[in-house]
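Participant: Please find one structure pasted underneath; my questions will follow.
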Amino acid sequence: MATVETDTVTLSINDREVTVPKGMSLVEAAAEAGIEVPVFCYEPRLGAAVGACRMCLVEIEGIPKLQTACTTPVTDGMVVHSHSDRAREGQDAVLEFLLINHPLDCPICDKGGECPLQDLTFRYGPGSTRMTLPKRTHTKPVPISPLIKLDRERCILCYRCTRFSEDVSGDLQLVTEHRGANSIITTFEGRPYDGEFSGNVTELCPVGALTSISYRFRGRPWEIQNIPTVCGECPIGCNTYATIREGQVARVLSRNNPAVDDGWLCDRGRYTFPSLESEQRITTPLIRGGRGLEPVDGSTALDHIADRLRAAVERFGPGSVAIIASGDQTSEEAHLWARIQEQALGGGPIVCGPEGGAGWGELAAHSATIADLDDADLIVVAGATDLVHRAPILELRIRRAVDRGARVVTIGAGATRLDTLHAAEHVSAAPGTTHAALLAASQGVALKGLSDRSVILWNGRMSAPVATVLAHVAHASGCRVLPTPLAANELGCQAAGLGTHTPAEALEAVEQGRVKAVVLLGADPVGGWPGGDRWRGLMERAFFALQVSPFQTGSSGWATTIVPSPMPLEKEGTMTNIEGRVQRLRAAVPPPPGVLDGIVLAAELGRRLGLDMPDQPPAVFADMAGSRAAFAGLTWAGIGERGVRPEPASGSGQAPPAPHVAEGEPEGTIVVGYRQLMSGPTVEGAPALHFQRRSGIEISHDDAQQIGVATGDRVEVSFAGASLTGAALVQRRLRRGVVRLATAVPYVGPGELRAAPEETADA
Amino acid sequence: MTTDLRILLDFDGDRRDIGDYERAGGYRQLTKALAGAPEDVIAAVDGSGIRGRGGAGFPTGRKASFLPKDRKPAYLCVNADESEPGTFKDREIMLRNPHALIEGVITMSFGIGATSAFIYIRGEYRAEFEVLMTALQQARERGFVGADVLGSGYDATVVLHRGAGAYICGEETALLSSLEGERGQPRSKPPFPAVAGLYAAPTLVNNVETLASVPYILEMGGAAYAEIGTERSKGTRVFSLSGNVKRPGNYELPLTATLRELIEGHGGGMPDGRTMKAIIPGGSSAPILMPDQIDTHIDFESIAAAGSMAGSGAIIVIDDRTCMVQLALRVSEFYKHESCGKCTPCREGTRWGVDIIRRIEMGEARQGELDLLLNVCDRILGNCLCPLGDAMAMPVASYVTHFRDEFQRHIDEGGCPFTEHSPISGLYHEPAAVS
């Protein structure tokens, strides 16, 4: 929407005239005029400027004192000098003061060479020292968590990190202790900084005070390369740089895309790269023979797979091969595998992800963008668990929207972090009936005001009934919908044809005997999908069971052939994120020797099955754009650095069918097992992250009273034929009857809760 | 010109008991104000020309007029965090005339449309806190504070909040942060508290003495109050006289008096035939005046014209035994210790400055460091987030400027020529560094 800018002011900065919107700060206005005003504490993503570091002192005619450009709003006719002798004197003074205590250990500092303090000292600071006093010393470095170390001597007390913790992530864990020259940054009560977004402070730090332990002493800026790519850990697709040193990924940084991530990353995205070198990775194709899995070379494996697949189709007929994908594939890989299934194997079922979401098409016309959250007046978050587990970085955007005045209504089981946001409203809903509660709320007072400036975030599994409700509500109110697929490229895979059946439909086909061979693409249905036993049954009976995966998983034991696959940081291709934005992955490093590129693997297999398929990413993309409607009109070159979001299909404009939701609420205990953010094979391969895992079995206050347990007491939960014992975590705000816990296999359904006997030493 | 006109403390003993205060005419102005329009209160205060008695001397009526009329809630905050070294006037007002403060608070709250007032009292003022608590309780019982004050329909809540021992919380935005439960650190202005103060609501922050004067202003009428004092400094002011004088204490004087009338007349001059070396005219953050400036008037403009500031009204007399380097060390150490650490020049500059002064006193400084000290002061001055850094830089620079030879002798002779003869010798200390 184009707005006509009428509220502008014109001012002069360093004799350059510039016209900018009213209310803008001098720092921003100077940037508009192409003038750099040096800053340390100023960072607009942290909220209003605070004017703490005083680095941005400038001279304004008519004001006797120098003023901080970050906190000074522009006014009409203002005459500003940022390079005058007086301004330079002020800037020089601030830098000299900052350097009084700075150790100047730049030669061994990880920040050296990419350090704002170095750069600004070079440009604005004193050329020599007049230091007459000993520098302040501290014990250093101090680990503030298994991920981050703090060097308090390097710290210039700009308070960016504490502002992040307080105002952006809201975890309130980084604090300042003492005062004046004795001020130090520390964690609350000295506990480890345990928050899903903690790593951002290492990037915010303008000196080498907060550093990622995984990058300490690993590289110098002149011997690294930053490869622009996209995080493949979840469907937000935060834009990243992978820093490469000597052929290895040394760190992951944010590559600020305001439309997607706003320059923030979650710790899973930032710190799982060590899993690239995990011992658990498969690095050679394996074929099960008389003595178990035996390594073979790639070509042998491909010949074998082609032969088995061809044999399956010949023996059991077309459509007898099922593809079970994780949804983490690039769209190009997905497209080629879908072509193999469609054109060479006779079109058997394809499942995409354990939720195998259905109903995306119904929602396309109502699709919201991530940036829509910024302008939303009402944000509805519907789901039974914390949003952070499915769409981590969105939490920060919602927090900011609330700071700007947006209303938040959560619908679900309660006791989520968003419930505690300032002025958040909550509608309690039994897990499994959240969509029904949403529908009711949209027709009642709870969601009064739902309009075209509102966004509904569906924080849960997508299914046909849910999609129907969402489409109905969106159509009636004009609001937009942002669903949260589980897998990183679930939307792209589906759009590329990899995803024709829900898991339930596929299992039905299996059990009707229509499926005789199975290809697991990254998926681990035996170990991590609902209905694991039934999947195992399929694999046990399968004529041929191929697993394509970077890691050995719970399904590997039943695979007859295993082919290693690359991980997202090793891939060229595209992924489609939560809002439908197609983004480029760039291979930061090559896959380990013995691991075939995912596209080459599919193309080579296709060739052996008689298909003529391209094996270069741009060509595959073109092939895909030519045959898949969702990619029509897109070009490889047109994706660019920021991705491209094709205009969603506008829909018919017709009212969607009225949803029919089951009346009544489930009886008894409902267990919500969710896949937590810090889980999965990549997290397994990054041990430093494990301290962030959430443990404990969340139970409501009422239930705790009823069975007579308190937080920390052992409770036993049985569900889906299994039982699990752990420490209770009593949540006052959790809905009665709901038991919530992190599980490997997502589950929402009936269960039982009871107090467990204390473990005894000799038990 | 008479120098014995007193308004706030025009009685012997105290009026802690509400009966004493009421018998002296107390709470009548509140009663009258509640019967009229809130704007009348502000108009009278504005007409009196009274300027803030905390230190900055901003016209109180104008400050109140900055509050947007249409935004509610609005708050009144009372700055009772009197901490400037040498200043002890507010404590006397609170101890002897607490109901004048309470009446002023309720009246002013009514004037600005606030239904909640917060008195932020210095944590060390335990006795004053107790007195105010008792006085507030009496006022509540008599219906001057609480819901539906005197049946007027106006509700007034007063919260008495004790500080936790930070000088910086006397800075109005730091006071607000501290009240909110945040770290007591100043905020960048704008926005000013009048627009976004306590809990981001329009807030008026006034000093104890200012608010305690309000009932008297209403009693006399703004115009009559404005008769007292000079062209731009109206009314009387309570001055805290200390240092080497015969009769230190609080003296309420009209703003037409001179330093000589205060120091020699009320204070009895210097004891034991000592000669005066310097005068600190407005709290320890004020640059010094020299003995030949003793005839300076004590109004805001005259002291400013003499090269200093009227500040908090604390006048400290320095005699000839005093080592100015030791004085600089004590003053600068105070500000270093109280620096909140938020902004760079104050946090680092006060530390650097103290270190240079200490080495000058110890005889460890090198030639040239006096200019370095002046330059460090100059680089703090005007570059900080709040006035605390200036509060160290201004006096220290003035000591060096007026007594450069004395500072230089320390360097030349490798030590302090005054040593233990100075009355403040050895009183400074280095607070243990926190590791």
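Participant: Within the stretch A:143-156, take every residue that is touching a Lys or Arg at 6+ places or on another chain (Cβ under 7 Å) and part of a loop (DSSP other than H, G, I, E, B) and give me the one that is farthest from the other protein chains (Cβ to nearest Cβ).
Facilitator: That would be A:D151.
Participant: For the stretch B:246-272, which residues satisfy the criterion of being buried (at least 19 other Cβ atoms within 10 Å of the Cβ), assigned to a loop (DSSP other than H, G, I, E, B) and either touching a His at 6+ places or on another chain (Cβ under 9 Å) or among the aromatic types (F, W, Y) (or both)?
Facilitator: B:L255, B:T256, B:A257
Participant: Tally time: how many residues in the stretch A:23-73 are small (G, A, S), away from chain B (no Cβ under 12 Å), crowded, with 18+ Cβ neighbours inside 10 Å and within 26 Å of A:A401 (Cβ to Cβ)?
Facilitator: Matching residues across the stretch A:23-73 total 1.
Participant: Continuing with this model, one more query. Helices (runs of 4 or more DSSP H) wholly in the stretch B:332-435 with at least 3 residues that are in contact (Cβ under 8 Å) with a residue 40 or more places away in the chain and more than 14 Å from chain A (Cβ to nearest Cβ) - which ones?
Facilitator: Per the criteria, B:388-402, B:404-413.
Participant: Quick one: how many residues across the stretch B:141-174 are of a type in the set (S, T, N, Q) and surrounded by fewer than 20 Cβ atoms within 10 Å (Cβ to Cβ)?
Facilitator: Adding up the residues that qualify gives 2.
Participant: Select the strands (runs of 3 or more DSSP E) contained entirely in the stretch A:623-738, then report the ones holding at least 3 residues which are touching a His at 6+ places or on another chain (Cβ under 8 Å), more than 30 Å from A:A250 (Cβ to Cβ) and modelled with pLDDT of 95 or more.
Facilitator: none
Participant: Still on this structure, I have one more. Among B:T236, B:T210, which is out of contact with any Gly (no Cβ under 6 Å at 6 or more places or on another chain) and crowded, with 20+ Cβ neighbours inside 10 Å?
Facilitator: Checking each option against the conditions leaves just B:T236.
Yes/no matrix, rows are residues, columns are (1) more than 24 Å from A:G680 (Cβ to Cβ); (2) at pLDDT 95 or above:
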residue: A:H422; (1), (2): yes, no
residue: A:E425; (1), (2): yes, yes
residue: A:L439; (1), (2): yes, yes
residue: A:L447; (1), (2): yes, no
residue: A:L470; (1), (2): yes, yes
residue: A:G497; (1), (2): yes, yes
residue: A:H501; (1), (2): no, no
residue: A:A506; (1), (2): no, no
residue: A:A517; (1), (2): yes, yes
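Participant: Out of everything in the stretch A:77-91 that is in contact (Cβ under 8 Å) with a residue 24 or more places away in the chain and surrounded by fewer than 18 Cβ atoms within 10 Å (Cβ to Cβ), what residue ends up being nearest to the other protein chains (Cβ to nearest Cβ)?
Facilitator: Quick first cut of the stretch A:77-91, residues in contact (Cβ under 8 Å) with a residue 24 or more places away in the chain only: A:77-84, A:86-88, A:90-91.
In the following step, the residues that additionally are surrounded by fewer than 18 Cβ atoms within 10 Å (Cβ to Cβ) were identified as A:77, A:79, A:83-84, A:86, A:88.
Values: A:G77: 18, A:V79: 19, A:H83: 17, A:S84: 15, A:R86: 10, A:R88: 12 Å.
Only one residue fits best here, namely A:R86.
Participant: Checking B:E172 against (1) closer than 13 Å to B:L385 by Cα; (2) within 14 Å of chain A (Cβ to nearest Cβ): exactly one of these is not met. Which one?
Facilitator: Of (1) closer than 13 Å to B:L385 by Cα; (2) within 14 Å of chain A (Cβ to nearest Cβ), only one is false for B:E172: (2).
Participant: Quick check on B:D299: is it surrounded by 22 or more Cβ atoms within 10 Å (Cβ to Cβ), more than 14 Å from every other protein chain (Cβ to nearest Cβ) and of a type in the set (D, E, K, R)? I'd like the intermediate steps shown before the answer.
Facilitator: On the way: surrounded by 22 or more Cβ atoms within 10 Å (Cβ to Cβ): yes; more than 14 Å from every other protein chain (Cβ to nearest Cβ): yes; of a type in the set (D, E, K, R): yes.
Against the criterion (surrounded by 22 or more Cβ atoms within 10 Å (Cβ to Cβ), more than 14 Å from every other protein chain (Cβ to nearest Cβ) and of a type in the set (D, E, K, R)), B:D299 qualifies.
Participant: OK, next. For the condition within 29 Å of the chain's Cα centre (by Cα) and either among the β-branched types (V, I, T) or within 14 Å of chain B (Cβ to nearest Cβ) (or both), what is the one hit in A:T129, A:T162?
Facilitator: A:T162
Participant: Give the residue, chosen from A:G356, A:G347, that is modelled with pLDDT under 95, surrounded by 24 or more Cβ atoms within 10 Å (Cβ to Cβ), assigned to a loop (DSSP other than H, G, I, E, B) and at positive phi.
Facilitator: A:G356
Participant: Kindly list, by first and then second residue, each pair from a residue in the stretch A:177-202 that is more than 14 Å from chain B (Cβ to nearest Cβ) to a residue that is among the charged types (D, E, K, R) and assigned to a loop (DSSP other than H, G, I, E, B), limited to pairs with Cβ atoms under 7 Å and residues at least 6 apart or on different chains.
Facilitator: Within 7 Å, the pairs are A:G195/A:D171.
Participant: While we're looking at this one, here's another question. So, in the stretch A:331-344, how many residues would count as being acidic (D, E) and crowded, with 21+ Cβ neighbours inside 10 Å?
Facilitator: Total meeting the criteria: 2.
Participant: Separate question: Please go through (1) of a type in the set (A, V, I, L, M, F, W, C); (2) part of a strand (DSSP E or B); (3) buried (at least 24 other Cβ atoms within 10 Å of the Cβ) for A:V408 and return the number of the only condition it doesn't satisfy.
Facilitator: So A:V408 meets the others, but not (3).
Participant: Just for strands (runs of 3 or more DSSP E) wholly inside the stretch A:275-331: which have at least 1 residues that are within 27 Å of A:L491 (Cα to Cα)?
Facilitator: Fully inside the stretch A:275-331 and qualifying: A:321-325.
Participant: Name the residues in the stretch B:175-192 that are away from every other protein chain (no Cβ under 11 Å), crowded, with 24+ Cβ neighbours inside 10 Å and either among the polar types (S, T, N, Q) or farther than 9 Å from B:D81 by Cβ (or both), would you?
Facilitator: Correct list: B:L176 only.
Participant: Also, quick follow-up: Can you report the number of residues in the stretch B:1-48 which are within 30 Å of B:H266 (Cβ to Cβ) and part of a loop (DSSP other than H, G, I, E, B)?
Facilitator: Qualifying residue count for the region: 20.
Participant: Mind listing whichever residues of the stretch B:180-196 are in contact with a strand residue (DSSP E or B) (Cβ under 8 Å, 6 or more places away or on another chain) and more than 30 Å from B:G36 (Cβ to Cβ)?
Facilitator: B:R183, B:S188, B:P190
Participant: On the basis of being under 30 Å from A:P258 (Cα atoms), in a helix (DSSP H, G or I), in contact (Cβ under 8 Å) with a residue 40 or more places away in the chain and assigned by TED's automatic domain parsing to the domain that holds A:G478, does A:V388 make the cut?
Facilitator: yes
Participant: Which count do you get for residues in the stretch B:379-427 that are farther than 17 Å from B:K277 by Cα, acidic (D, E) and exposed (fewer than 15 other Cβ atoms within 10 Å of the Cβ)?
Facilitator: The qualifying residues number 3.
Participant: Does B:V325 satisfy the condition of being in a helix (DSSP H, G or I), over 30 Å from B:G267 (Cβ atoms) and β-branched (V, I, T)?
Facilitator: Here the answer is no, as B:V325 does not meet what is asked.
Participant: Within the stretch A:104-121, can you find the residues that are buried (at least 18 other Cβ atoms within 10 Å of the Cβ) and of a type outside the set (V, I, T)?
Facilitator: We begin by selecting, within the stretch A:104-121, every residue buried (at least 18 other Cβ atoms within 10 Å of the Cβ); these are A:109-111, A:115, A:117-118, A:120-121.
Hits for the stretch A:104-121 are A:C109, A:D110, A:K111, A:C115, A:L117, A:Q118, A:L120.
Participant: Now a separate question. Within the stretch A:496-555, which residues are within 15 Å of A:G327 (Cβ to Cβ) and among the acidic types (D, E)?
Facilitator: A:D524
Participant: Just checking, how many residues over the stretch B:275-311 are part of a helix (DSSP H, G or I) and under 17 Å from B:G229 (Cβ atoms)?
Facilitator: Selection size over the stretch B:275-311: 6.
Participant: Please work out which one of (1) under 23 Å from B:S233 (Cα atoms); (2) free of Cβ contacts under 8 Å to residues at least 40 places away in the same chain is the condition B:I298 fails and give its number.
Facilitator: The single condition B:I298 does not satisfy is (2).
Participant: Does A:G633 meet the test of being under 28 Å from A:G359 (Cα atoms) and either more than 27 Å from the chain's Cα centre (by Cα) or among the aliphatic types (A, V, I, L, M) (or both)?
Facilitator: Against the criterion (under 28 Å from A:G359 (Cα atoms) and either more than 27 Å from the chain's Cα centre (by Cα) or among the aliphatic types (A, V, I, L, M) (or both)), A:G633 qualifies.
Participant: Right, next: Can you confirm whether the stretch A:544-562 contains a residue that is surrounded by 22 or more Cβ atoms within 10 Å (Cβ to Cβ), in contact with an Asp or Glu (Cβ under 6 Å, 6 or more places away or on another chain) and among the polar types (S, T, N, Q)?
Facilitator: Looking through the stretch A:544-562, at least one residue is surrounded by 22 or more Cβ atoms within 10 Å (Cβ to Cβ), in contact with an Asp or Glu (Cβ under 6 Å, 6 or more places away or on another chain) and among the polar types (S, T, N, Q).
The values are calculated or read from the model by the stated rules, or taken from the named source; none is laboratory data. The model shown is predicted, which means the values in this text are computed figures rather than measured ones. Cβ coordinates were reconstructed from backbone atoms using ideal geometry, including for glycine residues, and neighbour counts include every protein chain displayed.
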